[in-house]
Amino acid sequence: MQTMNTLRIGLPLAAAVFCAFPAWPAAGQSFSDLNFESTTVPPGQAPGSVSTDEALPGWTAYLGNVQQSEVLYNYTYNTDATVDLLGPGWKEVPNIEPGVIDGNYSVYLQAGYYGMFVSASISENGEVPLTAQSLQFKAWEMFGGGFTVSFNGNDLPLNLLSTGTAPSGQPYDVYGVNIGQYAGQTGLLEFTEPAGADNDLLLDDIRFSPMSVPEPSPLVLTGIAAAMLATRAQWRRTR
């Protein structure tokens with residue numbers, strides 16, 4: 001019998017200085033539900049399987065290369081690969097810690113067994129806004145399995161910009177990828193947690209920005225890395 005998996009959290013991360021970006025503007029019209037708040041899952045929905053169309057409007061979910069007509073809501077498996085929507089009531093599930101990064105919902109991609117080790121991913125077709133130079137988002141990957149972001153099959157190099165802690169207590173990292181070369185183009189935007197033993201990615205607040213992503217200074221990188229290592233070490237001690 002499958003049991004619920006404990007969402008991985010740690011102590012609040014140390015703040016990292018990053019002030020190069022203005023407030024993020026709204027995303028391009030052809031992309032939808034980039035903050036995962038457009039779900040039509042009914043209020044009070046019990047934990048379990050729900051329609052992908054209801055849970056993640058505009059997105060397609062995959063385990064490996066197999067498209068999923070359903071994803072999990074407020075429920076995860078210990079070792080099986082899953083795509084999950086975490087929402088209201090998640091923190092009330094016995095033995096599960098808070099995990100939503102922002103707003104009411106976050107997406108949780110857990111690679112793992114699906115007959116064999118497979119990746120977990122979500123993707124969406126849309127047009128990159130003409131003014132977009134970067135794509136920024138909040139994410140949390142406990143074991144560092146090396147998630148990827150791609151557009152039309154082209155991997156976009158990740159830049160770690162800063163860290164933070166959500167009101168729920170969930171720590172997160174802010175990432176940016178430069179996407180200006182694809183401005184005005186229509187294609188597939190995909191977030192993938194690679195195949196592996198219980199790798200996972202918590203994801204929220206995907207936004208386009210008219211600013212390109214600068215490389216953080218060595219001092220900022222050192223501070224971010226130290227904060228991430230301290231949080232992961234604390235989580236392993238308290239797990």
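The values are calculated or read from the model by the stated rules, or taken from the named source; none is laboratory data. These numbers were taken from a predicted model, which means no experiment stands behind them. For neighbour counting, all protein chains shown are included, and Cβ atoms are generated from backbone atoms with ideal geometry for every residue, glycine included.
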Task: Residue under evaluation Pro167, criteria (1) under 14 Å from Ile101 (Cα atoms); (2) under 14 Å from the mean Cα position of the chain (by Cα); (3) without any contact (Cβ under 8 Å) to a residue 60 or more places away in the chain, criterion not met - done: (2)
Open item on the list: With the structure loaded, tell me whether Gly176 is of a type in the set (Gly, Ala, Ser), modelled with pLDDT of 95 or more and either assigned to a loop (DSSP other than H, G, I, E, B) or closer than 26 Å to Asn104 by Cα (or both) or whether it fails that test.
Closed with: yes
Open item on the list: Condition first: of a type in the set (Val, Ile, Thr) and modelled with pLDDT of 95 or more. Now tell me which residues in the range 67-94 satisfy that.
Closed with: Val71, Val83
- [ ] Identify the residue in the range 179-199 that is of a type in the set (A, V, I, L, M) and under 17 Å from the mean Cα position of the chain (by Cα) and, among all such residues, is modelled with the lowest pLDDT.
- [x] Ala195
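Give Pro171, Pro167 a once-over and let me know the one that is of a type outside the set (S, T, N, Q) and buried (at least 21 other Cβ atoms within 10 Å of the Cβ).
Only one candidate passes the filter, namely Pro171.
Go over the candidates Ala183, Ala139 one by one and state the one that is under 13 Å from Asp204 (Cβ atoms) and aliphatic (A, V, I, L, M).
Within the list Ala183, Ala139, the selection yields Ala139.
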Task: Residues of the range 200-239 classified as under 17 Å from the mean Cα position of the chain (by Cα) and either surrounded by fewer than 21 Cβ atoms within 10 Å (Cβ to Cβ) or modelled with pLDDT under 80 (or both), total - done: 3
Task: Selected residue (criterion: modelled with the lowest pLDDT) from residues of the range 114-140 that are in a loop (DSSP other than H, G, I, E, B) and either buried (at least 24 other Cβ atoms within 10 Å of the Cβ) or not hydroxyl-bearing (Ser, Thr, Tyr) (or both) - done: Gly115
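Yes or no, residue by residue, for (1) surrounded by fewer than 16 Cβ atoms within 10 Å (Cβ to Cβ); (2) closer than 26 Å to Pro171 by Cα:
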| position | (1), (2) |
| --- | --- |
| Gln67 | yes, no |
| Tyr75 | no, yes |
| Val83 | no, yes |
| Pro88 | yes, yes |
| Gly112 | no, yes |
Open item on the list: I want to confirm something. Restricting to the range 53-76 and keeping residues that are assigned to a loop (DSSP other than H, G, I, E, B), out of contact with any Pro (no Cβ under 8 Å at 6 or more places or on another chain) and of a type in the set (S, T, N, Q), which single residue is farthest from Ser106 (Cα to Cα)?
Closed with: Asn65
Open item on the list: Give all pairs with beta carbons closer than 8 Å in which a residue from the range 65-90 that is in contact (Cβ under 8 Å) with a residue 40 or more places away in the chain meets a residue that is part of a helix (DSSP H, G or I); count only pairs at least 6 apart in sequence or on separate chains.
Closed with: Leu85/Ala55
TODO: Could you check how many residues of the range 113-164 are more than 25 Å from Tyr77 (Cβ to Cβ) and within 17 Å of the chain's Cα centre (by Cα)?
DONE: 15
Task: Complete set of residues in the range 10-63 that are at pLDDT below 50, hydrophobic (A, V, I, L, M, F, W, C) and under 19 Å from Asp204 (Cβ atoms) - done: Leu13, Ala15, Ala16, Phe18, Phe21, Ala23, Trp24, Ala26, Ala27
Open item on the list: If a residue must be of a type in the set (Gly, Ala, Ser) and either surrounded by 14 or more Cβ atoms within 10 Å (Cβ to Cβ) or modelled with pLDDT of 95 or more (or both), how many such residues does the range 141-152 contain?
Closed with: 2
